[in-house]
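Okay, structure first, notes after.
The values are calculated or read from the model by the stated rules, or taken from the named source; none is laboratory data. Keep in mind it's a predicted model, so treat the numbers as computed, not measured. As a convention, Cβ positions derive from the backbone with ideal geometry for all residues, glycine included, and neighbour counts pool all protein chains shown.
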Amino acid sequence: MNSYWSRRLAHLVPYVPGEQPEEGSFIKLNTNENPYPPSPRVLEAIAAAADGALRRYPKPECGDLRDAIAEFYGLGPEQVFVGNGSDEVLALAFLAFFAPEDRIAFPKISYSFYPVYADLFAVPYDAVALREDFSLDAGVFAGDYKGIVFANPNAPTGMAMPLDQVEQILREHTAALVVVDEAYVDFGGESAVGLVERYPNLLVVQTFSKSRSLAGLRIGFAMGQQPLIEALSTVKNSFNSYTLDRLAQAGAAAAMRDRAYFEDTCRRIVATRERSAQALKELGFFVLPSKTNFLFAAHPEQDAGALFAALRERKILVRYFNTPGIDRFLRITVGTDAEMDALLSALGDSLKAI
Ligand SMILES: Cc1ncc(COP(=O)(O)O)c(C=O)c1O
């Protein structure tokens, strides 16, 4: 803190992203990226867009990309908003829908950016407890809220809430804007996007960072009824009209249109996840049932911090949260089969060595 800082910063604790080491120096299973490259169509589209037109500003309304998303989900383009990563979309949603005089709720164990946005925008919140078994259901949000935000499937647990529970939340909290963060939904969750037409209080947020292998391009999107999208656009255009550059718009539209590649890579990741979960259990781990591209696993006898450090020594990065309630767990991104074999063998060695 120094005298030039705004008072807003005094109590701000920023989000700490996972480590991004030099490419190739680690087996990287710490930030839930996709182990497979983006579709070849994406690289072609970006190459085609990398021309002299870069001297021009990109299209602020991102029409072609919104059309591609709308077509994929059977919505109208006026029901789609795009932004620079779903982190930005979530931040704009907090700003568009929640104010300091409101109260919102999100799960205590969930994506740790939610409390950061709430603090940044001075929105009071309740961090509600999950069930004992780490599951989430409609009942945990008992109370009158202006907003309810949750990830489905949840992170870092990986567990999914059935769609009927999501719908119950929408029905029981008609005064609340319900943000369903579906960053991981393509790996086995049930999307709420089909409920958009029926519920004016639903905003579904998704990303290209996970199932579409484009974390490096930074594209996220939101789907909801037109007034919600209009609110997001108003906030965006009061902040930065050109959030998505030309290359990102071209690459993301191509990714959305290559359904076969997307479905194939998702299927491979799910198969590797199931095999890896089974192998972790055979090593003695307790593994939560995952519908995502990561596994949340705890060993009954071994300290998770020590395991994290032992893996790091062996050049394998996973994520460890030294947070009460989850500090016995490691969060392990599902990599390729070869990467997971290396992880399992290093874990086997570490369990013997510690
Ligand atoms: C639950 C959840 N939501 C949102 C995000 C943000 O994704 P991005 O900003 O890359 O779209 C992440 C990233 O890890 C996440 O885990």
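General remarks:
Quick grid of which residues meet (1) more than 13 Å from the ligand (Cβ to nearest atom); (2) in contact with a strand residue (DSSP E or B) (Cβ under 8 Å, 6 or more places away or on another chain); (3) under 30 Å from A127 (Cα atoms):
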| residue | (1), (2), (3) |
| --- | --- |
| G18 | no, yes, yes |
| N34 | no, no, yes |
| V42 | yes, no, no |
| A45 | yes, no, no |
| L54 | yes, no, no |
| Y57 | yes, no, no |
| A99 | yes, no, yes |
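- You will find that of A192, A155, A160, A151, the residue that is farther than 16 Å from S86 by Cβ and either modelled with pLDDT of 95 or more or of a type in the set (V, I, T) (or both) is A160 and no other.
- Yes/no for D133 being surrounded by fewer than 17 Cβ atoms within 10 Å (Cβ to Cβ), more than 15 Å from the ligand (Cβ to nearest atom) and in contact (Cβ under 8 Å) with a residue 60 or more places away in the chain: no
- Selection count, region 244-267, where residues are touching a residue at least 40 places away in the same chain (Cβ under 8 Å) and out of contact with any helix residue (DSSP H, G or I) (no Cβ under 6 Å at 6 or more places or on another chain): 6
- Subset of region 228-260 that is within 20 Å of the chain's Cα centre (by Cα) and not in a helix (DSSP H, G or I) - its residue that is farthest from Y36 (Cα to Cα): T243
- When residues in region 155-178 are screened for being among the hydrophobic types (A, V, I, L, M, F, W, C) and part of a helix (DSSP H, G or I), 4 of them pass.
- Selection from region 179-227 of residues that are part of a helix (DSSP H, G or I) and within 11 Å of the ligand (Cβ to nearest atom): V185, A215, G216, L217
- Exclusive hit being within 16 Å of the ligand (Cβ to nearest atom), without any contact (Cβ under 8 Å) to a residue 40 or more places away in the chain and on the phi < 0 side of the Ramachandran plot, set A91, A138: A91
- Of all the listed residues (F98, F94), the sole one being touching a helix residue (DSSP H, G or I) at 6+ places or on another chain (Cβ under 6 Å), closer than 29 Å to I169 by Cα and of a type outside the set (D, E, K, R) is F94.
- Condition broken by T333, with the remaining ones in (1) touching a residue at least 60 places away in the same chain (Cβ under 8 Å); (2) buried (at least 21 other Cβ atoms within 10 Å of the Cβ); (3) over 17 Å from M159 (Cα atoms) satisfied: (3)
- Of the candidates A255, A277, the single residue that is of a type outside the set (S, T, N, Q) and more than 16 Å from the ligand (Cβ to nearest atom) is A277.
- Selection of region 32-48 for residues being buried (at least 19 other Cβ atoms within 10 Å of the Cβ) and not in a helix (DSSP H, G or I) yields N32, E33, N34, P35, P38, S39.
- Single match in A222, A254, A248, A271 (criterion: under 21 Å from S209 (Cα atoms), surrounded by fewer than 19 Cβ atoms within 10 Å (Cβ to Cβ) and among the small types (G, A, S)): A271
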